[in-house]
Protein chains: 2
Amino acid sequence: MTDPLNNSLRFTPLPLQSVTLDDRFWRPRLEVNRTATLPFLYEQLERVGAIDALDLRPRPLRVPCHPGSAVTPQMWWDSDIAKWIETAAYALATHPDAALEAQVDALVEKIAAAQQPDGYFNTFFTAIESQNRLTNERDWHELYNAGHLIEAAVAYTQATGKTAFLDVMERYIRFLMGVYGPHPGQKHGYPGHEEIELALVKLSRLTGKREYLEFARYFVDERGRQPYFFDEEARARGEEPSSELLSHGDALPYEYMQAHKPMREQDKVVGHAVRAMYLYSAMADLAAELGDESLRQACERLWADLTSRRLYVTGGLGPSAHNEGMTTNYDLPNDTAYAETCAAVGLVFWAQRMLNLTGDGQYTDLMERALYNNVLSGVAQDGRRFFYDNPLESHGDKHRWEWHSCPCCPPNVSRLLASLGGYVYGRTADGIAVHLYAGGSARFEVEGQPVTFYQRTEYPWEGKVELEFDLERPARFTLSLRLPRWCRDPKLSVNGEAVDLSDARDGHVHLTREWSAQDRVELNLPMPVERVYVHPNVRQDAGLVALQRGPVVYCVEEADVDVPLHQLALPRGADLTATFEPELLGGVSVVRGEAEVEEPGDWGGTLYRTAPPRQITTSLCAVPYALWDQREPGEMRVWLREEVREAPR
Amino acid sequence: MTDPLNNSLRFTPLPLQSVTLDDRFWRPRLEVNRTATLPFLYEQLERVGAIDALDLRPRPLRVPCHPGSAVTPQMWWDSDIAKWIETAAYALATHPDAALEAQVDALVEKIAAAQQPDGYFNTFFTAIESQNRLTNERDWHELYNAGHLIEAAVAYTQATGKTAFLDVMERYIRFLMGVYGPHPGQKHGYPGHEEIELALVKLSRLTGKREYLEFARYFVDERGRQPYFFDEEARARGEEPSSELLSHGDALPYEYMQAHKPMREQDKVVGHAVRAMYLYSAMADLAAELGDESLRQACERLWADLTSRRLYVTGGLGPSAHNEGMTTNYDLPNDTAYAETCAAVGLVFWAQRMLNLTGDGQYTDLMERALYNNVLSGVAQDGRRFFYDNPLESHGDKHRWEWHSCPCCPPNVSRLLASLGGYVYGRTADGIAVHLYAGGSARFEVEGQPVTFYQRTEYPWEGKVELEFDLERPARFTLSLRLPRWCRDPKLSVNGEAVDLSDARDGHVHLTREWSAQDRVELNLPMPVERVYVHPNVRQDAGLVALQRGPVVYCVEEADVDVPLHQLALPRGADLTATFEPELLGGVSVVRGEAEVEEPGDWGGTLYRTAPPRQITTSLCAVPYALWDQREPGEMRVWLREEVREAPR
């Protein structure tokens, strides 16, 4: 049952059961995720009625998203439950828990009972609007729900070996494979909200059944063909295809859901950001599984577009609330940044798949950036308050909430954290690779011999990582270590001997030798505080600078300074130092330095004057962006004004 | 028929007939206003049906402002026609024109015919919704329309001596004085959209009838009293007073229309900006006419609030499109600035009245700032394209339009320009004052002797102003000259002899002497290019600088530079020079200098990096803000990044 199809993957994730994460940074976060967020999310699902909805008792419950909208949050409750089960499954993989398992089993039983005789499964379109079943895939998320359910079933099977849920989902998929396809009488369609494609790859990997892979490829290949499926579908409903989805500003029809042209012709990341990330993830998977070169090239073009023109320094993407997605090149507003938590989670998914496909550490670098910043921002340290959108600047009126009418983000962060072990290491053809530095261990086999690999580190607060193996007899294999691009001068030693890193390629150093339990590997990734500048085409950050240390992007919060944040100006070249503060926010490294601040004291009653503002020196303290809005409410800024003291040439 | 009531005015405007404006700056603008804008606006009123509406033939014409809204633009068509007549009247005062006068007379005839037997006049609430007459003053603008009609009638009477229109309006006002008032059976109410108050003062000044002044005072005094009139009025309609007007964010009920508390208790400029300006104008008038000290103090408090915390450098106000009005202290966004043209026109009205009330030139300074910048921005040099909102930054997507569903601004600018002569001079108890520097002449009498006074100047492009009198025999009187605050070092000479300006007070120098036709007065107002800074509490302009020369605020347009405007940084202290360019935009002074610009050339495909952007020098050219968007479409910015090269202390 493990990955029979992945012929061309450079790295294969380790099973969750084989990885532990127990360092100072991750242990408390993963513990809170498992013991606080997981039950909290279940309570919320119960509270809103999503659990009861599994019973299919029709009730007069129809809550439109917006007045007059035909879309209701109930339409994706199935996916919310699925993400909860998926999270629970990952928790069970690392921390067996009979009560939790029974809780999942009870849900699976309801799901099985709610499955229709033909295999169809959707609580809303069975109990509430059965007349609308499979009539509006553009807007109504049936395939999206199916995708999340498949992911949940795969995870639950992998965690427990139980196949009841998987069986239900395979029946549903077989039903859907009858509905959608290239043959006459089938809908030549594809999802409105992509998700099922990547789920089908997971299902195929678990079951070894190539037909699921083919079904995913069908969706990807069909997408964007003309005449547009969503036009045909609208006409079948007796509607003109004149939805507002047809255009957003200058966008082409269906750019919103990346269906404006065939995927292999696309080279711009457009539309709804989460949908894009999920789809591209599946494309990268399919490129690997099928050796599909043109799909891989499409992925690489899209990646280059995103990362060279559209990505926030926090790893966030999709600046606009209007379409929950992309706008124009270099448009990165800070205070109105949407940068949905789910989009950053989706970027982690895509980046991991690109890494596994190509072996290139550049993907891990961005995966790490998204993870430590935009993703972690999505959940408070108590595990019970969330951000849906993640602006890089707040004027004091933006705060974490406990629930949302569209509660996609909380379980998305939660399932990512619960499965984080799967992102840290990768099996290679001849050894093991370390993608993320995080204290803990990994178990794998070399030539039939079990090996346990240990990382000890205070990452991301310190860049020193100590690595060692536990194995009975020496064995020859390759240890691949990522060398993050944020680090200018990494140092590596094996048993005290420096390793030359000058020939490191693809963002990794590959150490092939005979390893024994006595070997000591020490990686040092010096992490001074860095000033980060954005491309001059980004209007919103002109004249501004961000602070980063290692993978962590910093922000300034009103709680730490006593002036309006726009008045702060950071002199270029002035000293900035990092200090670990064990009492602050659960223990974090803060960045301190001096800044100039404009003195409002001498302005009298005037609003304008010809004399420049007088500046005085104040002390600056910046905290990790992901942890903002957990103290007194107030302003926040990632991008700070910079003051250039000398001629810049 | 001239101003029998104004007991306490420091300055009294000259009649339009006594003033000519014929300099290089104003002559073409006023000519275009009279010969292009005026007929163009009439055509537009005809085109939309506003002229036909005067015939009261009910037609199925009801065009809501927004879907579902009970408000339609037709509700204020009467005011649009009134502003057109008012403009035409001012044009007739300075340029008699039989055809134009006949055109107005024809409109007046229709208006007289449409007046109802009881005196009521409103085309919409007579022909279309007579059942709703006088039931919703909060939203439906009946008193607003009446106000504009009164202003038009007053202007037309002053221009032509004809009283037919005035008679109709006095009948209407007498009707309204029966409807609204303190007595039992009357509505204890006041306008939803203020305007009639200032019109009633004009009517009172023209007719000498104090009752109109009292009616205006009643509206001002009643405003904001509890229980709120608009609540009562809603209940009388059978509605709950739960309109969205009740609150905007943290605003109090009816702050939107300045009716949240009594005017004498107000000290913040709130709500819809145009309404506020019209109301404050009337309050200043009433304070002068009635010697009402508490009303004057309220005006002064509101003025201080506006000018110390809420005013754009262009003289614009009301940053928010949401309420077409005010937000919070120091909130001055640039690219989303609403800064409605009508609001700046209203500020000119208010400032003139504060000037006339107090004699203080600070009001003229802001009147001049609004006039040369936000007001003139409202109309293109061809007189046929307009701005409704006047942002201080555009990303290239903001352009002038020919008409608007709410066409209040074009005729507002037009009537102000047509009556500009009334703003240039003021009669004082013992002479004449110059408020605005503009080439032309003014006629007035001293001791029964006619005096003609001449200004010769290239203002606002040059600060030299030559002044002389034409009078038969020498006469003793006072010549008061405004010394603009923007000028650091004004020089004044009389017959070549320097005048000491050190004791100038209230923004004026007062020259009392015996004047003769031989006297030559020369005022020099040096106008170097000035860098303007805003109070550090304004977040949106932090680190930015604006350019001003004399009263003219500059902007940079994409047409003049070949880089994205956000990349420009103006080095503090670098030379900036003004040059007059006769071929550009009808002849303007432009500001030239060097700026630093970030070089995007060496970034490769990266979006972020730790090396600062490389800067190169480019040439900067700035043009007067009011003239923007008249060449190739493109970006525009008033506030430019500033680069501080040396330590600022």
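None of B:Arg296, B:Arg309 is within 24 Å of B:Asn537 (Cα to Cα) and out of contact with any His (no Cβ under 7 Å at 6 or more places or on another chain) except B:Arg309. Scanning region B:526-535 turns up at least one residue that is part of a strand (DSSP E or B) and of a type in the set (Lys, Arg). Can you pull out every residue in region A:530-557 that is among the acidic types (Asp, Glu) and more than 15 Å from A:Ala626 (Cα to Cα)? Across region A:530-557, the qualifying residues are A:Glu530, A:Asp541.
Note on region A:104-136: residues that are touching a helix residue (DSSP H, G or I) at 6+ places or on another chain (Cβ under 9 Å) and of a type in the set (Gly, Ala, Ser) amount to 4.
Quick grid of which residues meet (1) buried (at least 20 other Cβ atoms within 10 Å of the Cβ); (2) hydroxyl-bearing (Ser, Thr, Tyr); (3) within 14 Å of chain B (Cβ to nearest Cβ); (4) over 21 Å from A:Arg223 (Cα atoms):
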site: A:Val270; (1), (2), (3), (4): yes, no, no, no
site: A:Ser281; (1), (2), (3), (4): yes, yes, no, no
site: A:Leu295; (1), (2), (3), (4): yes, no, no, no
site: A:Arg301; (1), (2), (3), (4): no, no, yes, no
site: A:Ser308; (1), (2), (3), (4): no, yes, yes, yes
site: A:Ala339; (1), (2), (3), (4): yes, no, no, yes
site: A:Leu355; (1), (2), (3), (4): yes, no, no, yes
site: A:Leu366; (1), (2), (3), (4): yes, no, yes, yes
site: A:Arg369; (1), (2), (3), (4): yes, no, yes, yes
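It is to be established whether one or more residues within region A:600-621 are touching a strand residue (DSSP E or B) at 6+ places or on another chain (Cβ under 6 Å), under 26 Å from A:Ala380 (Cβ atoms) and more than 8 Å from every other protein chain (Cβ to nearest Cβ). Yes, because at least one residue in region A:600-621 is touching a strand residue (DSSP E or B) at 6+ places or on another chain (Cβ under 6 Å), under 26 Å from A:Ala380 (Cβ atoms) and more than 8 Å from every other protein chain (Cβ to nearest Cβ). Kindly establish whether A:Glu458 is surrounded by fewer than 22 Cβ atoms within 10 Å (Cβ to Cβ) and within 28 Å of A:Gly315 (Cβ to Cβ). Considered against the rule, which asks whether it is surrounded by fewer than 22 Cβ atoms within 10 Å (Cβ to Cβ) and within 28 Å of A:Gly315 (Cβ to Cβ), A:Glu458 comes out as yes. Residues in region A:543-581 that are away from every other protein chain (no Cβ under 13 Å) and at pLDDT below 95: A:Val561, A:Asp562. Give me the residue from region A:587-598 that is within 10 Å of another protein chain (Cβ to nearest Cβ) and touching a Pro at 6+ places or on another chain (Cβ under 7 Å) and, out of that set, farthest from A:Thr577 (Cα to Cα). Going through the qualifying residues, I end up with A:Glu598. Checking each residue in region B:259-305 for being in a loop (DSSP other than H, G, I, E, B) and of a type in the set (A, V, I, L, M) picks out B:Ala259, B:Val269, B:Val270. Does region B:484-506 hold any residues that are in contact (Cβ under 8 Å) with a residue 12 or more places away in the chain and out of contact with any strand residue (DSSP E or B) (no Cβ under 6 Å at 6 or more places or on another chain), and which are they? Once the filter is applied, which keeps residues that are in contact (Cβ under 8 Å) with a residue 12 or more places away in the chain and out of contact with any strand residue (DSSP E or B) (no Cβ under 6 Å at 6 or more places or on another chain), region B:484-506 yields B:Pro484, B:Arg485, B:Trp486, B:Cys487, B:Arg488, B:Asp489, B:Pro490, B:Asn495, B:Gly496, B:Ala504, B:Asp506. Of the residues examined, B:Gln540 is one that is in contact (Cβ under 8 Å) with a residue 60 or more places away in the chain, within 12 Å of chain A (Cβ to nearest Cβ), among the polar types (S, T, N, Q) and surrounded by fewer than 21 Cβ atoms within 10 Å (Cβ to Cβ). Checked against the criterion of being in contact with a helix residue (DSSP H, G or I) (Cβ under 7 Å, 6 or more places away or on another chain) and either outside the structural domain of A:Val638 (by TED's automatic domain parsing) or surrounded by fewer than 19 Cβ atoms within 10 Å (Cβ to Cβ) (or both), the candidates A:Gly573, A:Gly586 yield just one match: A:Gly586.
When A:Ala276, A:Ala321 are checked against the criterion of being modelled with pLDDT under 95 and among the aliphatic types (A, V, I, L, M), a single residue qualifies: A:Ala321.
Scanning region A:157-191 for residues that are without any contact (Cβ under 8 Å) to a residue 24 or more places away in the chain and not in a helix (DSSP H, G or I) turns up A:Gly161, A:Thr163, A:His183, A:Pro184, A:Gly185, A:Gln186. Filtering region B:525-536 to residues that are within 26 Å of the chain's Cα centre (by Cα) and either within 9 Å of another protein chain (Cβ to nearest Cβ) or of a type in the set (S, T, N, Q) (or both) leaves B:Glu530, B:Arg531, B:Val532, B:Tyr533, B:Val534, B:His535.
Are any residues in region B:163-205 aliphatic (A, V, I, L, M) and over 22 Å from the mean Cα position of the chain (by Cα), and if so, which ones? Lay out the reasoning, then the answer.
Kept after step one, since they are aliphatic (A, V, I, L, M), are these residues of region B:163-205: B:164, B:166, B:168-169, B:173, B:176-177, B:179, B:196, B:198-201, B:203.
Of everything in region B:163-205, those that are aliphatic (A, V, I, L, M) and over 22 Å from the mean Cα position of the chain (by Cα) turn out to be B:Ala164, B:Leu166, B:Val168, B:Met169, B:Ile173, B:Leu176, B:Met177, B:Val179.
Scanning region B:503-524 turns up no residue that is in a loop (DSSP other than H, G, I, E, B), modelled with pLDDT of 95 or more and within 12 Å of another protein chain (Cβ to nearest Cβ).
Considering only residues of region B:200-212 that are in contact (Cβ under 8 Å) with a residue 60 or more places away in the chain and closer than 17 Å to B:Tyr172 by Cβ, which is surrounded by the fewest Cβ atoms within 10 Å (Cβ to Cβ)?
Taking region B:200-212 first, the residues in contact (Cβ under 8 Å) with a residue 60 or more places away in the chain are B:200-201, B:204-208, B:210.
In the following step, the residues that additionally are closer than 17 Å to B:Tyr172 by Cβ were identified as B:200-201, B:204, B:206-207.
Numbers: B:Leu200: 31, B:Val201: 29, B:Ser204: 25, B:Leu206: 21, B:Thr207: 18.
Residue satisfying both the conditions and the ranking: B:Thr207.
Residue count for region B:84-99, restricted to those that are touching a residue at least 60 places away in the same chain (Cβ under 8 Å), in a helix (DSSP H, G or I) and more than 11 Å from B:Pro411 (Cβ to Cβ): 6.
Could you pull out the residue among B:Glu129, B:Glu137 that is within 19 Å of B:Phe215 (Cα to Cα) and not hydrophobic (A, V, I, L, M, F, W, C)?
Exactly one residue qualifies, and that residue is B:Glu137.
The values are calculated or read from the model by the stated rules, or taken from the named source; none is laboratory data. Values in this document were obtained by computation on a predicted structure and should not be read as measured data. All Cβ positions, glycine included, derive from the backbone under ideal geometry; neighbour counts span all protein chains shown.
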